[in-house]
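The values are calculated or read from the model by the stated rules, or taken from the named source; none is laboratory data. Just so it is clear, the structure is predicted and the values come from calculations on it, not from any experiment. Cβ atoms come from the backbone with ideal geometry, glycine included; neighbour counts cover every protein chain shown.
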Amino acid sequence: MSEAQFRPIKVLDVDVCRPMNDVQMRDPVSGERYGGVFCLVRRLGRPVSIMEFAFDGDVLTTFDLRARIAGDKAVQDGALQHDAPLPKKEGPFASVVIATRNRAESLARCLDSLLLQTYEPFDIVVVDNAPSDRQTADLIAARYARGKAVRYVREDVPGLGRAHNAGLANISSELALFTDDDVIVDPNWVAAMAANFDRAGRVGCVTGLILPAELDTRAQFWTERHGGFGKGFARKVFDLAGNRPSGSLFPFTAGQFGSGANMAFRTDALRQIGGFDSALGAGTVARGGDDLASFYAVVQAGFQLVYEPRALVWHHHRRGEDGMRRQAYGYGMGLGAYLTKVVVDDPPAALQLARAMPAGIAHMAGPTSPKNQRLPGDYPGTLIWRERLGIAAGVPNYLRSRYAASRRPAPGVARTENGQDTYAKGGSTAMRPTVPILLYHSIDTDCAPAYRRWMMTPDELDQHMKVLVEGGYRPVTMSALATIFREHRPVPPRTVVITFDDGLCDFLTGAMPVLERYGFAATLYVVSGFVGKTSEWLTACGEGERRMLDWNELRGLACEGIEIGAHTVSHPQLDILSPTEAAREILDSKLALEHGLKRPVHSFAYPHGYSSRTTRALVRGAGFQSACRVRHALTTTTEDPFTLSRIVMTSEVGPAELRRLLTQPVLPVAPPADRLAATGWRMFRRFQHIAHAGS
């Protein structure tokens with residue numbers, strides 16, 4: 001089909017419960033006659049159906065349009081649906097983040113539509129991502145400086161994921177909504193998003209309906225048929241429990257959840273998953289996948305993801321065919337990059353992906369798959385193959401992008417006189433304190449040579465505590481810190497957390513006298529299955545006979561202000577257990593400690609520091625409020641409360657080294673060789689387990 005053979009399609013938006021007018025079927029500028037109609041049909045504002053039909057005439061009359069609608073079964077079924085009224089003034093405060101680059105005219109159209117929202121408690125943050133001029137900054141200053149709050153943030157490092165993170169860093173609202181600068185949002189968009197976030201915090205993400213703003217060119221028609229941005233007119237809920245779609249592709253086919261042009265998150269949930277991956281998205285060599293990765297992560301973290309068709313935006317697809325090859329390649333690359341991230345972050349997921357691969361190939365290449373069935377007959381085969389090539393290219397390109405992102409500094413940081421850190425967030429600064437969480441094991445005077453690195457003498461511990469006193473540090477328990485983070489309260493200057501793992505008896509004889517001398521609080525993580533027994537899991541390093549604290553001793557410590565946390569039942573490597581086994585270790589340890597202590601247990605520590613997305617979701621689902629891993633870094637207020645970083649205090653860390661770690665102007669990072677060895681060991685261990693499980 002040549003370009004001349006394609007006739008524009010008129011996009012309509014009508015409500016069967018409101019008056020309609022005749023529709024002129026000629027373009028008012030060019031005079032060209034439309035060849036068909038793409039009509040969204042609503043009932044009392046709710047989208048209920050899409051009608052598409054050819055039309056050859058100058059005027060589509062109201063009578064003709066209503067007659068066609070009357071024959072649409074979906075419209076009639078919509079009469080049976082009754083929704084609760086959308087909120088207007090009462091509801092959580094929301095911030096809308098729009099990332100843009102050099103598209104001031106398109107951005108203005110989007111902002112104008114946002115200013116017509118029926119929902120009142122919200123503001124807007126525009127993130128100008130690596131601009132080459134001042135058009136966006138000037139637009140905000142000239143047209144949107146007054147009235148509804150529109151804030152301008154500049155992020156000079158290109159990348160959609162990074163731009164979204166810059167917006168996230170500049171908001172303090174309960175909800176974070178994201179859309180693109182090339183959309184027009186429905187007046188009820190913010191209200192529909194906000195209505196789906198429950199008070200219990202189960203819903204972590206909401207996506208919405210995306211429809212074409214115009215179908216004037218063949219390229220726009222191709223994009224709409226290929227993308228399939230509209231996900232239907234029924235509200236859907238996705239999670240890892242009772243709302244799992246059938247088939248082996250869930251949850252990897254994150255595209256079924258929605259798209260980045262229309263998504264919202266509970267801000268706490270988004271921060272728990274670490275925000276967006278700055279190695280993904282337009283503007284990076286990975287080109288896309290940032291939205292897919294965030295959807296996947298939210299579901300894997302144990303939250304619900306809701307698709308809400310009332311949350312509607314109209315997207316302006318690319319008009320010209322010149323960039324279609326690049327666009328198709330970018331779509332594929334974003335998918336390949338996202339899947340690569342899944343495996344890199346959680347290697348055991350590779351086995352599940354391998355099992356889903358036949359279904360994935362059928363979805364991508366099968367002639368009867370929904371993806372290919374909706375393509376028009378003149379859709380170029382070259383675009384299909386460009387997309388498939390892009391998927392393959394997404395693997396190395398994500399690795400390149402991830403490496404490049406790791407080399408770039410986070411938002412600028414400088415240490416102030418009071419010991420806090422000032423982080424530059426785009427065009428502004430905000431206080432984001434770092435908190436050292438110190439991890440100790442045994443405090444004794446003698447041990448087997450193989451265990452000496454993990455043992456400190458009481459005198460060595462005393463020297464560490466003197467460093468904290470001299471530095472003006474104030475120890476708190478892990479749960480106290482987690483509460484400060486969760487309630488978004490300011491972190492007191494010089495806050496530190498002291499933790500001990502395992503529940504060895506020498507905590508009572510070696511550590512407790514030192515802590516009492518300085519009046520310091522601490523958190524003790526206990527392996528519940530060995531309470532009152534010996535440390536059998538340490539047999540390999542010659543310490544299998546170390547006595548463990550018993551229940552009377554633990555209850556006494558709890559009465560002295562020591563927080564008791566869970567460290568599983570038997571101290572396994574959680575990330576290589578099956579989900580059922582891991583869940584049993586996590587939940588049973590909590591239940592046993594709460595029964596033995598007669599008080600709730602809120603904090604958890606991963607044995608060996610090993611965790612995965614699955615284990616973190618299980619810990620969260622068990623009712624814990626925080627969890628610690630082992631990582632050579634300080635923790636921050638934006639860190640996921642279920643991956644809080646702890647610095648291991650070995651016998652090699654003397655007072656001078658501890659003082660250096662505490663006074664670093666930026667987060668300390670382990671030497672490259674150590675990081676490479678740790679990553680290599682983690683991947684080897686997990687893949688070894690996968691191979692063993694599959695044999």
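Confirm whether residue 194 is at pLDDT 95 or above, under 30 Å from residue 323 (Cα atoms) and among the small types (Gly, Ala, Ser). For residue 194, the condition - at pLDDT 95 or above, under 30 Å from residue 323 (Cα atoms) and among the small types (Gly, Ala, Ser) - is not met.
Taking the range 318-340 only, how many residues are of a type outside the set (Ser, Thr, Tyr) and touching an Asp or Glu at 6+ places or on another chain (Cβ under 6 Å)?
Qualifying residue count, the range 318-340: 2.
Answer yes or no: is there a residue in the range 378-394 that is surrounded by 15 or more Cβ atoms within 10 Å (Cβ to Cβ) and assigned to a loop (DSSP other than H, G, I, E, B). Taking every residue of the range 378-394 in turn, at least one turns out to be surrounded by 15 or more Cβ atoms within 10 Å (Cβ to Cβ) and assigned to a loop (DSSP other than H, G, I, E, B).
Just one of (1) at pLDDT 90 or above; (2) surrounded by fewer than 19 Cβ atoms within 10 Å (Cβ to Cβ); (3) β-branched (Val, Ile, Thr) fails for residue 636. It is (1).
For residue 561, state whether it is surrounded by fewer than 18 Cβ atoms within 10 Å (Cβ to Cβ), part of a loop (DSSP other than H, G, I, E, B) and in contact with a Leu (Cβ under 8 Å, 6 or more places away or on another chain). Here the answer is no, as residue 561 does not meet what is asked.
In the set (1) of a type outside the set (Gly, Ala, Ser); (2) over 20 Å from residue 222 (Cβ atoms); (3) at pLDDT below 95, residue 65 fails one condition alone, (3). The set of residues in the range 474-521 being under 19 Å from residue 436 (Cβ atoms), part of a loop (DSSP other than H, G, I, E, B) and out of contact with any helix residue (DSSP H, G or I) (no Cβ under 7 Å at 6 or more places or on another chain) consists of 477, 489, 490, 492, 493, 494, 519, 521.
Within the range 129-142, does at least one residue satisfy the condition of being of a type in the set (Gly, Ala, Ser), assigned by TED's automatic domain parsing to the domain that holds residue 270, touching a residue at least 12 places away in the same chain (Cβ under 8 Å) and crowded, with 21+ Cβ neighbours inside 10 Å? No, the range 129-142 has no match at all. Only helices (runs of 4 or more DSSP H) whose full extent lies in the range 25-121 are considered here, and the ones with at least 3 residues that are among the hydrophobic types (A, V, I, L, M, F, W, C), free of Cβ contacts under 8 Å to residues at least 60 places away in the same chain and assigned by TED's automatic domain parsing to the domain that holds residue 198 are 104-114.
Those residues that are modelled with pLDDT of 90 or more and either among the charged types (D, E, K, R) or in a loop (DSSP other than H, G, I, E, B) (or both), I need them from the range 135-159; list them, please. Residues satisfying the conditions are 138, 143, 144, 151, 154, 155, 156, 157, 158, 159.
Counting only residues that are under 24 Å from residue 378 (Cβ atoms) and in a strand (DSSP E or B), how many does the range 2-24 have? I'd like the intermediate steps shown before the answer.
Going residue by residue through the range 2-24, those that are under 24 Å from residue 378 (Cβ atoms) are 2-12.
With in a strand (DSSP E or B) added as a condition, the list becomes 9-12.
The number of residues fulfilling the criteria is 4.
Applying the selection to the range 177-187, what residues are closer than 12 Å to residue 114 by Cβ and assigned to a loop (DSSP other than H, G, I, E, B)? Result: 181, 186, 187.
When you look at residue 494, is it in the same structural domain as residue 563 (by TED's automatic domain parsing), among the basic types (Lys, Arg) and in contact (Cβ under 8 Å) with a residue 24 or more places away in the chain, yes or no? Yes: the conditions hold for residue 494.
Checked against (1) modelled with pLDDT of 95 or more; (2) part of a helix (DSSP H, G or I); (3) farther than 24 Å from residue 482 by Cα, residue 540 passes all but a single condition, namely (1). Total residues in the range 512-534 satisfying the condition of being at pLDDT 95 or above and not aliphatic (A, V, I, L, M): the figure is 9. Mind checking whether some residue in the range 212-224 is at pLDDT below 95 and either under 22 Å from residue 96 (Cα atoms) or in the same structural domain as residue 8 (by TED's automatic domain parsing) (or both)? Within the range 212-224, not a single residue is at pLDDT below 95 and either under 22 Å from residue 96 (Cα atoms) or in the same structural domain as residue 8 (by TED's automatic domain parsing) (or both).
Considering only residues that are among the small types (Gly, Ala, Ser) and within 36 Å of the chain's Cα centre (by Cα), look in the range 43-57 and name the one that is surrounded by the fewest Cβ atoms within 10 Å (Cβ to Cβ).
Of the range 43-57, the ones among the small types (Gly, Ala, Ser) are 45, 49, 54, 57.
Subsequent filtering for residues that are within 36 Å of the chain's Cα centre (by Cα) retains 45, 49.
Numbers: 45: 17, 49: 19.
Across the range 43-57, the extreme among qualifying residues is 45.
In summary, residue 225 fulfils each of the numbered conditions (1) basic (Lys, Arg); (2) touching a residue at least 40 places away in the same chain (Cβ under 8 Å); (3) assigned to a loop (DSSP other than H, G, I, E, B) with the single exception of condition (3).
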